[in-house]
C-alpha cells in the first residue's frame with residue numbers, strides 16, 4: 001500500500017508585497033525567525049509559534065515572517081489565525097495557504113478564489129488545488145462534512161488481509177455498500193475512478209446510523225490497491241474526513257467508531273498532539289534516541305504495512321549505523337534493509353525493540369513536504385493500539401493493551417487474523433532480534449496528483465505479497481467501551 005498517500009502541493013513561491021530579508025531584518029527579529037524555522041522543521045510547532053510571534057512583534061510587516069507564521073498556524077489547524085496573519089500578503093504561496101485555510105474552514109467560494117489565484121502563477125504545479133478549486137465552485141451552497149443521524153456509530157472492521165493489518169471499513173457511498181481503507185497519508189477522500197471518474201460531492205454513511213453529507217472526494221484508480229489487498233477497495237478515507245468524524249481505530253478489537261462530538265480522554269491513554277503540514281500531512285513528534293529530550297517529526301501513514309521506516313538520520317538518532325542493517329530478503333528489488341529500534345516513543349509510551357526498515361523513498365516525500373522527517377509510522381505498529389482522534393484532529397489518544405505490550409516486548413507470539421498459531425513476522429523475536437517485515441512492491445503513480453499532493457495517493461510501499469506475512473494483530477481484547 002502506499003507509504004505516502006499524502007496530499008501536499010509542490011510550490012515554487014513568487015514574491016510580492018512587503019519584503020523582509022536577513023540583510024534588512026533587525027538582528028533580534030532574524031534570530032527569532034531562524035529559531036522558529038528550525039523548531040517548525042523539527043515539528044516543535046508550539047515553540048515555533050512562540051518564536052515567530054516574537055519576530056512578528058519586531059517586524060510585523062515582514063513578508064517572510066508572516067508566511068512562516070501562516071504555515072505554523074495552518075499546521076495547528078487555526079484557520080482564522082492563518083487568514084489574519086496573511087491578510088494582504090501577496091504572492092502565490094500566501095494565496096495557497098489562504099486557499100487551504102478557507103477550504104478546511106468550509107468557505108468554498110473564498111477557497112476557490114485563492115486557489116485559482118495561486119494557480120495563475122506559471123511556476124506553480126498543484127493538481128490537488130486544480131481539483132479542489134473545481135469542487136469548491138461546484139459546491140456553492142454546500143456545508144462540507146455535515147453530520148446527521150446518531151451521535152455515535154460503531155462499525156466492525158474486517159481483517160481482509162492475513163499479511164498486513166490495514167484499517168478497512170465498510171461504508172455506504174451515496175447509498176451503495178463498499179469497502180474503504182483508512183489512509184492517514186491522504187488528505188481528502190479518494191474514490192475509485194472506475195465508478196467516479198471525476199472529483200465529486202458524495203454522502204457517506206457508517207453503520208447505517210451516522211451520515212456525513214457533502215463530502216468532497218477526489219478520483220483515483222484504486223484497482224492496484226484492491227489487487228494487492230485482495231479486496232475491492234472503493235475509497236480511501238483521508239485525514240480531512242477523519243478530523244470531522246472524531247474516529248477511533250481499533251484493529252485488534254475489529255472496531256471503527258465515528259462520532260459527531262469530540263470524545264473525552266479514554267482511561268489509561270496517552271495524549272499525542274498532531275500537526276498537519278499545509279493542513280494535510282499528519283505529523284507527530286516522536287523519539288527513537290536513548291536521549292528522551294531528542295524528538296523529531298514522524299509522518300503517520302496507515303497505508304504503510306511496515307511498523308516504522310526511518311531515513312539515514314533517523315537510524316543515526318536511534319544509535320544504529322546503517323551499515324549494520326541486514327538486507328530484507330523479501331524485497332524483490334533488494335533496496336530495503338531491516339533493523340531494530342531499541343526504543344520508540346509515542347506520547348508517554350516507550351515502546352522497546354520496534355522493527356524498522358531503511359531504504360524507503362522518504363527523500364521524495366520530504367522534498368514535497370518541505371519538512372525533514374525522521375521517518376514514517378505505519379499500520380504495522382499502529383494496529384497494536386486503540387487510537388482515538390479528538391479536538392478536530394489536533395490530538396489523538398493512544399491506548400495500550402497488555403497483549404500488545406507483551407508482543408512488542410518480544411514476548412509470546414500473537415495469533416494471526418485467522419487465529420492460526422504461528423510466529424510474529426515483523427515483530428521482534430523473543431531473543432530480541434528483528435523478525436522479517438513485509439515485502440515491498442511499488443504501486444504505480446496515481447492520476448490525481450504527484451506524490452505528496454493533498455488527497456492523492458502516490459507511489460511508495462505497498463501491501464505485502466502473498467507468502468510474506470506482516471505483523472499479525474495482538475489477541476483481541478475488546479474493552480466494551482466506545483468512548
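The values are calculated or read from the model by the stated rules, or taken from the named source; none is laboratory data. Predicted model only: the values in this text are computed from it and were never measured. Cβ placement follows ideal geometry from the backbone for every residue including glycine, while neighbour counts extend to all protein chains displayed.
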Fill in: Checking residue 55 against (1) at pLDDT 95 or above; (2) part of a loop (DSSP other than H, G, I, E, B); (3) under 29 Å from residue 287 (Cβ atoms), the condition it does not meet
(2)
Practice prompt. Would you mind stating whether residue 231 is in a loop (DSSP other than H, G, I, E, B) and either out of contact with any helix residue (DSSP H, G or I) (no Cβ under 8 Å at 6 or more places or on another chain) or surrounded by fewer than 24 Cβ atoms within 10 Å (Cβ to Cβ) (or both)?
Written response: yes
Item to complete: Please verify whether segment 105-123 includes one or more residues that are within 22 Å of the chain's Cα centre (by Cα) and closer than 23 Å to residue 368 by Cβ.
Response: no
Worksheet item: Of 374, 364, which residue is touching a strand residue (DSSP E or B) at 6+ places or on another chain (Cβ under 6 Å), in the same structural domain as residue 255 (by TED's automatic domain parsing) and in contact (Cβ under 8 Å) with a residue 60 or more places away in the chain?
Response: 374
Worksheet item: at pLDDT below 90 and under 21 Å from residue 268 (Cβ atoms): does that describe residue 391?
Response: no
Fill in: Matching option when the condition is at pLDDT below 95 and either assigned to a helix (DSSP H, G or I) or in contact with a helix residue (DSSP H, G or I) (Cβ under 8 Å, 6 or more places away or on another chain) (or both), among 18, 43
18
Worksheet entry | Qualifying residues in segment 174-190 (those that are in contact with a strand residue (DSSP E or B) (Cβ under 6 Å, 6 or more places away or on another chain) and surrounded by fewer than 22 Cβ atoms within 10 Å (Cβ to Cβ)) - the one farthest from residue 230 (Cα to Cα) | 174
Worksheet, complete the sentence: Here the residues within segment 318-366 that are part of a helix (DSSP H, G or I) and under 22 Å from the mean Cα position of the chain (by Cα) are 362, 363, 364, 365, 366
Worksheet item: Among the residues of segment 191-200, is there at least one that is farther than 25 Å from residue 278 by Cα and surrounded by 24 or more Cβ atoms within 10 Å (Cβ to Cβ)?
Response: no
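So that you can scan it fast, the table gives a plain yes or no per residue for (1) touching a residue at least 60 places away in the same chain (Cβ under 8 Å); (2) over 20 Å from the mean Cα position of the chain (by Cα); (3) not in a loop (DSSP other than H, G, I, E, B):
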site	(1), (2), (3)
93	yes, yes, yes
98	no, yes, yes
171	yes, yes, yes
184	yes, no, no
Worksheet entry | Residue list for segment 299-334, filter: modelled with pLDDT of 90 or more and surrounded by fewer than 19 Cβ atoms within 10 Å (Cβ to Cβ) | 312, 313, 316, 319, 321, 322, 323, 324, 326, 327
Response to the item:
In the set 87, 63, the lone residue that is buried (at least 20 other Cβ atoms within 10 Å of the Cβ) and under 24 Å from residue 47 (Cα atoms) is 63
